[in-house]
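Asks: The structure follows.
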Amino acid sequence: MSAIKKAGESRSVNSSYVLPPDTNNHGTLFGGKLMAYIDDVAARAAMRHAGLPIVTASTDSIDFLHPIKVGHEVFLEAIVTWTNKTSMEVFVKVIGENLLTCERTVCATSFLTYVALGKDGRPADVPKVVPETPDEKLLHETAPARAEARRQRRSESKRLAETFGIKRPWEPEM
């Protein structure tokens with residue numbers, strides 16, 4: 001496995017025609033369905049980059065910007081933007097297209113983090129990512145700030161898990 005890979009080598013795409021069973025009562029794509037599409041395409045980009053099995057470590061954000069309507073196509077593009085020792089940040093851009101007018105709109109963006117796994121099931125080293133295009137460079141340059149925000153959010157999540165533990169909310173405090 002190469003110790004360095006170009007960001008573009010990880011690019012993964014997917015598209016789907018939005019049918020009525022995929023939509024809510026507003027005739028727009030279910031957010032949960034889009035989240036599954038995002039995780040799927042991002043995971044493939046991470047596997048392509050790592051050359052190893054991966055697991056989702058976090059979904060940093062999914063920002064829904066515009067609805068995707070029934071009868072439209074949803075197109076997703078994912079790329080590895082940043083790597084640490086065993087983890088990879090993946091950016092996903094979601095485009096909705098009206099197939100009758102060919103009008104396209106960026107409908108969502110998302111950042112997710114994946115960890116590569118070795119044969120022993122433990123975290124394994126991943127190649128460094130090298131951005132080439134202006135967009136890749138921008139995402140790469142801004143990644144350290146997102147990584148720090150992730151660390152802080154994860155620390156807070158651990159604190160909340162310890163605070164609330166596994167007690168049931170309807171049981172009185174002892």
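The values are calculated or read from the model by the stated rules, or taken from the named source; none is laboratory data. Everything quoted here is computed from the prediction, not taken from an experiment. Because the Cβ atoms are built from the backbone with ideal geometry, glycine has one as well, and the counts that use them run over all protein chains shown.
Asks: Filter the strands (runs of 3 or more DSSP E) completely within region 67-132 down to those with at least 1 residues that are under 30 Å from Leu19 (Cβ atoms) and at pLDDT 95 or above.
Replies: 73-83, 87-97, 104-116
Asks: Determine which single condition Phe64 fails, assuming it passes every other condition in (1) surrounded by fewer than 18 Cβ atoms within 10 Å (Cβ to Cβ); (2) more than 14 Å from the chain's Cα centre (by Cα).
Replies: Looking at each condition in turn, Phe64 falls short on (2).
Asks: Looking at region 36-55, which of the residues that are among the aliphatic types (A, V, I, L, M) and surrounded by fewer than 16 Cβ atoms within 10 Å (Cβ to Cβ) is farthest from Val130 (Cα to Cα)?
Replies: This residue is Ala36.
Asks: Any residue at all in region 25-47 that's in a loop (DSSP other than H, G, I, E, B) and either within 21 Å of Leu138 (Cβ to Cβ) or touching a residue at least 12 places away in the same chain (Cβ under 8 Å) (or both)?
Replies: So far as region 25-47 goes, yes, one or more of its residues are in a loop (DSSP other than H, G, I, E, B) and either within 21 Å of Leu138 (Cβ to Cβ) or touching a residue at least 12 places away in the same chain (Cβ under 8 Å) (or both).
Asks: Of all residues in region 67-86, how many are surrounded by fewer than 18 Cβ atoms within 10 Å (Cβ to Cβ) and under 21 Å from Thr142 (Cβ atoms)?
Replies: Here the count works out to 3.
Asks: Within region 87-114, work out how many residues are buried (at least 16 other Cβ atoms within 10 Å of the Cβ) and over 19 Å from Gly8 (Cα atoms).
Replies: 4
Asks: Sticking with this structure for a sec: Could you look through region 128-151, keep only residues that are among the basic types (Lys, Arg) and surrounded by 15 or more Cβ atoms within 10 Å (Cβ to Cβ), and pick out the one that is nearest to Asp60 (Cα to Cα)?
Replies: Arg150
Asks: Being surrounded by 20 or more Cβ atoms within 10 Å (Cβ to Cβ), closer than 23 Å to Gly31 by Cα and not aliphatic (A, V, I, L, M): is that true of Ser58 here? Outline the logic, then answer.
Replies: Values: surrounded by 20 or more Cβ atoms within 10 Å (Cβ to Cβ): no; closer than 23 Å to Gly31 by Cα: yes; not aliphatic (A, V, I, L, M): yes.
No, not satisfied.
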